[in-house]
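The values are calculated or read from the model by the stated rules, or taken from the named source; none is laboratory data. Bear in mind the structure is a predicted one, so any value in this text is a computation, not a measurement. Positions of Cβ are generated from backbone atoms using ideal geometry, with glycine treated the same way; all protein chains shown enter the neighbour counts.
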Amino acid sequence: MKYTIASGFQNRDQVRYVRDKLNLEGFVHTYDWTQNDRATSKEALVEIGQKEKYGVKEADLIVVLLPGGKGTHIEFGMGIGLNKKVILYAPHRDVEDFNNTSTFSHLPEVQSSDSLDKVINMALEWRGGC
């Protein structure tokens, strides 16, 4: 099972936690952006963007850890557009707040939780159902 994790730099430790747990279970990470520093040139943005796009395209599962920036939400949308399974981590239950939620968070292919461990369990359960 191939996966990628969309999130922001501020969540790097959480991303690595989920990555390590999924990798221990035999999942294959398509692109690990946590190895990067922030881009400082247009060329670096292009290179990273191509790798992130490839990571989403090749993944069976997109894990989205909120809060995130523009790139996080773009990867979330790409995953939905490419008919990927999406698991959304919303620690403050933002997806349940109808003043702040997105319609895309409620599509059938999107599951959500406010617990990182539950996100990991959802991935394991989904893999078992494939």
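Every residue, every condition in (1) among the aliphatic types (A, V, I, L, M); (2) assigned to a helix (DSSP H, G or I); (3) at pLDDT 95 or above; (4) more than 21 Å from Gln10 (Cβ to Cβ), yes or no:
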| site | (1), (2), (3), (4) |
| --- | --- |
| Tyr54 | no, yes, yes, yes |
| Val64 | yes, no, yes, no |
| Pro67 | no, no, no, no |
| Gly71 | no, yes, no, no |
| Asn83 | no, no, yes, yes |
| Phe104 | no, yes, no, yes |
| Ser112 | no, no, no, no |
| Leu124 | yes, yes, yes, yes |
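Among the numbered conditions (1) more than 18 Å from Ile120 (Cα to Cα); (2) exposed (fewer than 12 other Cβ atoms within 10 Å of the Cβ); (3) not small (Gly, Ala, Ser), tell me where Thr101 comes up short.
Unmet for Thr101, out of (1) more than 18 Å from Ile120 (Cα to Cα); (2) exposed (fewer than 12 other Cβ atoms within 10 Å of the Cβ); (3) not small (Gly, Ala, Ser): (2).
Hey, Ile87 hits all of (1) at pLDDT 95 or above; (2) assigned to a loop (DSSP other than H, G, I, E, B) but one; which does it fall short on?
The single condition Ile87 does not satisfy is (2).
Which residue pairs have Cβ atoms closer than 7 Å, lie 6 or more positions apart in sequence or on different chains, and pair a first residue in the stretch 83-101 that is touching a residue at least 40 places away in the same chain (Cβ under 8 Å) with a second residue that is acidic (Asp, Glu)?
From the stretch 83-101, the pairs are Lys85/Asp60; Lys85/Glu109.
Between Gly68, Gly77, which is among the small types (Gly, Ala, Ser) and in contact with a Ser or Thr (Cβ under 6 Å, 6 or more places away or on another chain)?
Details: Gly77 fails: in contact with a Ser or Thr (Cβ under 6 Å, 6 or more places away or on another chain).
It is Gly68.
If you go through the stretch 1-12, how many residues are among the hydrophobic types (A, V, I, L, M, F, W, C), in a helix (DSSP H, G or I) and more than 13 Å from the chain's Cα centre (by Cα)?
0
Which is in contact (Cβ under 8 Å) with a residue 24 or more places away in the chain and surrounded by 16 or more Cβ atoms within 10 Å (Cβ to Cβ), of Glu25, Glu75, Glu109, Glu58?
So the residue among Glu25, Glu75, Glu109, Glu58 that is in contact (Cβ under 8 Å) with a residue 24 or more places away in the chain and surrounded by 16 or more Cβ atoms within 10 Å (Cβ to Cβ) is Glu75.
Can you pull out every residue in the stretch 13-46 that is among the aromatic types (Phe, Trp, Tyr), in a helix (DSSP H, G or I) and under 19 Å from Trp126 (Cβ atoms)?
If the condition is that a residue be among the aromatic types (Phe, Trp, Tyr), in a helix (DSSP H, G or I) and under 19 Å from Trp126 (Cβ atoms), then Tyr17 is the only one that fits.
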